[in-house]
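Data first, discussion second: the structure below is written as structure tokens.
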Amino acid sequence: MTRQRLGFGGLFLKYFLVLFLAVVIPLATNGISEAWLGYRDQRTRLEQLLGVEARSAGAKIQGFLDGITDQLGWLVQLPWTEEPDERRRIDALRLLRQVPAIASLTLLDGTSRERLYVSRIGLNRSESRTDRSADEAVAGVRSARLWYGKVSYYRDSEPYMTLAISGNRPSVGVVVAEVNLKLIWDVIAAIKIGQTGQAFVLDGPGRLVAHPDISLVLRGADESTLAPLREIREAVRRAGADVATGWDADGIAVAAAAAPVVGPDWTIVVEQPLSEAFRPIYAALWRTLGLLLAGGVFACLLAFILARRMTKPIHLLEEGTQRIGAGQFNYRIEIKTGDELQRLADSFNAMAAELAVSQERQERIAKLKRFLAPQVAELVDRAGDDDVLEGRRTEVVAVFCDLRGFTAFSAKVAPEEVMSLLSEYYDALGRIITKYEATLTSFSGDGLMVLVNAPVPVADPALKAVDLAVEMQLSVQDLVAGWQRQGYRIGFGVGLAKGSATVGRIGYESRFDYTAIGSVVNLAARLCASATDREILTDATVANEVNGKRALNPMGLRLIKGYDEKLLVYRVSLPEKPSAT
Amino acid sequence: MRRRDVLRWIGGAAAWTLPARAQTPVMPVIGYLAPESPRPFASRLKAFRDGLAEAGYVEGRNVAIEYRWAEGNYTRLPALAADLAGRKVAVLVASGGAPAALAAKTATKTITIVFEMGGDPVALGVVDSLSRPGGNLTGISSLSVEVSRKRLEFMHELRPNAASFAVAVNPTSPTSGSQVRNLQMAAEALGVRLHIMNASTEGEFEAMFLSATREQAGGIVFTSDPYFAFRSTQLADLCLRYSMPAVTQSRDFPTAGGLMSYGGDFMQSHRRAGSYAGRVLNGEKPSDLPVQLVTKVELVINLKTAKALSINIPPALISSADTVIE
């Protein structure tokens, strides 16, 4: 549990973060830059679009005014005479009918005297000859041919403008027209920017000339109505090349552009609700955001899966090594990734298998070594099976040996002394047993039993056993010499016999010994018992087999305990000089 | 006991939902006050409904209209207006002249009134100003009253040799005084005399024509007045019978066989009244809706009548005419 949490906090998190960021960062960078560029493009496009709309709307307003001035132009074609001009009167009346926006017309001759006045509301006048040269319109048109007056509100409500036009020479006079600007409504209401956008016209000082909602125009110079409209025009002026944004009278955010209406110094402002104008931008932004989110989720999922796939085998390896380290050699790490990790796991598995085999062997050898010489134990183990240890009947040479006078000695001296002596004694014997690869079956106190030719058969077992016995005797006699110098009366005797015996492992659970059962064992034990110090007694079988190879002295027939007849016993001669080892 | 409770709950819920469903398409009601009967108003009503449609309202579908017709008896207008005000209509449309507007103004101070008239609503005291009407009124003025002097001018142009013209005045009209003053000033400027004749009922029409003939008037100039305007057919018949050229405010007159008319385009004024009524239904305040003046003042001449009366129409007049009936 703790290890698992550690894993998620450590390697998994690192892998996860690295993989996640590796996907998300390029994705986000791309998405954001694309959205930003798209946004800039859209804004520019919108600015251009609104600019075109503004110029087109401006052209329509210009067209409205041009329509009026074109018509007025017909009235200043011919020079005035002193006579009343009936034709011109009819023309003026016809014009009044033709152009509904004109509320009244004043025709002046070359000397700026009023010759004709026609009106829709007031009474017409002919030949009043009033001098109008002081009029602003007359003064204006004398210098400019076409003169636009200021916008004024009739009864504080209807916007009117005075328009004057003169002919190509002074004698044709001047025509001054009062134009009801409310009639621009037809033009301005027809202008649609997008679906819900609109246009409106402000004059130089910022008074409203035309608006699709005629009631705004008819409020006259109402500051609260005009303020938001002027604010939009200011916003456009400030925005420069960028698209301008602001709020219309209803508080709706709008994008706006403006274009001049040249003659009368008006400005036409077109506006479109931002929600509509920026709809493609918002749609693109939402799309990008959606893609980013989807990409993020995908990256998260991908990073999670990959990180898991990468850390899981490592976790398995970690767990496996811990288990194997704890001695669980049969544990196998299951990784099927087909890469280095799998190879690593396979190596671990192979190592565990080898460790298991090795441990098993070690254990087996340790067991064998209890009764076999180490090299024999290795040999048996290398043979691969314990069959040699199974019970069977075979020819063996049993060798018994023990100390003489040991029991009396042990009763007299301190236990430390006894143990020290035994230790010396067994050290010497053990070396020899190992050297001759004999099998130690048992030892108790000062005596021990050794088998030759079992479980591993050897060449010439009797000879080997005799050499063994001789070396044991010589070796112990060295010790005995030392002991006797210390005043201990201890001797050493050996007995050996060859014959058929049942050999095999006996014991329980893991406590096994190798032993031989048969009369040969008893015989050897009896021979040992009857041997005096410095004596090695053998039976006839052994003696026969080593006859001629080692020096033996027949001891004659002896009655051996447990045997009805007397047996022929031989004594192995020891070399004079103790130099066997 | 509990079951009865449950049943009562269900019954209550049903009783609550059923009328609610019946009321779901509850339509705002427009109170429509007019001084005449529906027949002469048909063309005006059509224009009014067109205007309503501009604001998104169609009678019978999402708006209901309660009509009150004074049938030419203008004294009934205050009672009819009070009746509509009592019905708590969503907006009260006072159409066809100053008397209806004034009656509506007296009837309610809360319900928004949209008027349609020919006179100057400021001069008549209906509103404080054109750009900021104030109070609960706004509406359309067709300029017909203001241009009554132009009618005298046209008549003078038609009969330049006539020394006097008869002027028909409805003394009950709130604008009669100002119109007569206006005409007197114009007559002075034109150098003609005026013979003022009063008529406020149909019964006085004939006497008026007799008087004009007796006075050898060059023609009759009718002041702007809805009572005259809605009786164009009778007046046209009388003109022909008495061979008396006349000019009124309404194009109905030359259409019915009269000689000439000059006045505001009532189609436009009624249409805008409809549009304003719709905007009020949409929640706009009357103080935000300036009084509109119609932009179109039209001259209509019936050449057949001119021929019948042996009158030669000068070309200047023909060229000024918006409509010439041949």
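The values are calculated or read from the model by the stated rules, or taken from the named source; none is laboratory data. Note that the structure is predicted; figures quoted are calculated from it, not measured. When we count neighbours, we look across all protein chains shown, and the Cβ atoms used for this are built from the backbone with ideal geometry, even at glycine. All accessible areas refer to the heavy atoms of the entire protein, side chains included, with ligands and DNA or RNA removed. Shrake-Rupley method; radii C 1.70, N 1.55, O 1.52, S 1.80 Å.
Points to keep in mind about this one:
- DSSP bridge pairs, chain B: antiparallel proportion in percent, nearest 5: 10 percent
- Centroid-to-centroid separation of region A:365-414 and region B:268-326 [C-alpha atoms, Å]: 144 Å
- Over region A:184-276, accessible surface divided per residue gives 39 Å², non-protein components excluded, 1.4 Å probe.
- Partner chain coverage, peptide B:286-293 - average Cβ within 10 angstrom: 5
- Residue with peak Gaussian network fluctuation, chain B [Cα springs, cutoff 10 Å], from B:Leu130, B:Leu190, B:Leu143: B:Leu190
- Across region B:55-140, the relative contact order, built from alpha-carbon pairs under 8 Å that are at least six residues apart, equals 22 percent.
- Length added when fully stretched, B:Ala64-B:Met27, from 0.36 nm per residue minus Cα-Cα: 12.7 nm
- The Cα trace of region A:356-405 gives Rg and Dmax of 14.2, 49 Å, the first to one decimal, the second as a whole number.
- Of A:Lys150/B:Lys296; A:Lys192/B:Lys105; A:Lys367/A:Lys435; A:Lys498/A:Lys561; B:Lys105/B:Lys150, those spanning more than 27 Å from alpha-carbon to alpha-carbon: A:Lys192/B:Lys105; B:Lys105/B:Lys150
- A:Ile193 long-range amide H proximity, modeled H, under 5 Å: A:Gln198
- Alpha-carbon geometry of region A:184-276: the Rg and the Dmax are 12.1, 34 Å, given in that order.
- Relative contact order, whole percent, for region A:317-363 stands at 35, derived from Cα pairs under 8 Å and 6 or more residues apart.
- Over region A:28-182, accessible surface divided per residue gives 47 Å², non-protein components excluded, 1.4 Å probe.
- Vicinal HN-Hα couplings computed from phi for region B:305-310 (Karplus, 6.51 cos²θ - 1.76 cosθ + 1.60; Hz; Gly/Pro x): 5, 4, 5, 4, 8, 6
- The mean sequence distance of close C-alpha pairs (under 8 Å, at least 6 residues apart), as a share of the length of chain A, puts its relative contact order at 10 percent.
- With protein chains left intact and a 1.4 Å probe, residues in region A:374-572 average 48 Å² of accessible area per residue.
- Mean shadow area of the protein assembly as shown, taken as a quarter of the surface of its Cα convex hull (nm²): 82.7 nm²
- FRET efficiency, 1/(1 + (r/R0)^6) with R0 45 Å, evaluated for A:Gln362 and A:Leu13 via beta carbons: 0.55
- Angle between chain B longest axis and helix B:205-214 axis [Cα atoms, degrees, rounded to 10]: 20 degrees
- Nearest 10 degrees, 0 to 90: helix B:77-86 Cα axis against chain B principal axis: 20 degrees
- Estimated inter-spin distance, A:Ile506 and A:Lys412, nm [label 7 Å along Cα→Cβ]: 3.6 nm
- The overall shape of region A:424-581, judged from the alpha-carbon gyration tensor, is rounded, with an a/c ratio under 1.5.
- Shielding of peptide A:280-293 by partners, expressed as the average count of other chain Cβ atoms within 10 Å per residue Cβ, is 0.
- Residue-wise HN-Hα coupling along region B:133-144, computed from phi with Karplus coefficients 6.51, -1.76, 1.60 (Hz; x: Gly, Pro): x, x, x, 10, 10, 7, x, 10, 10, 9, 6, 4
- Cα-based helix-to-principal-axis angle, B:232-242 vs chain B, degrees rounded to 10: 20 degrees
- Of the peptides A:550-562, A:68-80, the ranking by mean beta-carbon count within 10 Å, highest at the top, reads A:68-80, A:550-562.
- Only DSSP H runs of four or more residues enter the estimate; each adds -39500 (n - 2.57), and after division by the residues of chain A the mean residue ellipticity at 222 nm equals -16000 deg cm²/dmol.
- Residue-by-residue Karplus 3J(HN,Hα) for region B:149-154, coefficients 6.51, -1.76, 1.60, Hz, glycine and proline x: 5, 5, 4, 4, 4, 4
- Percentage of interatomic Cα-Cα distances in region A:2-183 larger than 29 Å: 47 percent
- Computed from the Cα positions only, the extents of region A:258-324 along the three principal axes stand at 98, 16, 9 Å, in decreasing order.
- Helices of chain A meeting both criteria, an alpha-carbon length of 24 angstrom or more along the long axis and an average Kyte-Doolittle score not below 0.0, with helices taken as full DSSP H segments, are A:13-73, A:279-325, A:461-486.
- Residues of region A:110-143 whose accessible area (probe 1.4 Å, heavy atoms of protein chains only) drops by at least 30 Å² once all protein chains are present, relative to their chain alone: A:Arg120, A:Ile121, A:Leu123, A:Asn124.
- Restraint check, B:Lys46/B:Lys109; B:Lys46/B:Lys304; A:Lys312/A:Lys336; A:Lys182/B:Lys285, Cα-Cα greater than 18 Å: B:Lys46/B:Lys109; B:Lys46/B:Lys304; A:Lys182/B:Lys285
- With the biggest extent put first, the Cα atoms of region A:465-509 measure 43, 29, 13 Å across the principal axes.
- Fraction of accessible area attributable to carbon and sulfur, chain A (%, probe 1.4 Å): 56 percent
- The aspartates and glutamates whose alpha-carbon is closer than 13 Å to the alpha-carbon of A:Lys464, local same-chain residues fewer than 8 away aside, are A:Glu437, A:Glu545.
- Bridge type composition, region A:488-581 - antiparallel percent by DSSP, nearest 5: 75 percent
- The H on the amide N of B:Arg193, modeled in the peptide plane, is under 5 Å from the matching H of B:Ser164, B:Phe165, each at least 5 residues off or on a different chain.
- Between the amide H of B:Ala246 and those of B:Ile220, B:Leu259, B:Met260, distances stay under 5 Å, these residues lying 5 or more places away or on another chain, with hydrogens modeled in the peptide plane.
- Beta-bridge orientation, the protein assembly as shown: approximately 70 percent antiparallel, per DSSP, counting only bridges with both partners inside.
- With the highest mean first, a sort of the peptides B:235-247, A:426-438 on other beta-carbon atoms found within 10 angstrom per residue produces B:235-247, A:426-438.
- Among B:55-63, A:313-321, A:533-541, the order from most to least packed when residues are scored by Cβ within 10 Å on average: A:533-541, A:313-321, B:55-63
- Against the rule of thumb 2.2 N^0.38 Å, how large the Cα Rg of region B:201-272 comes out: 1.09
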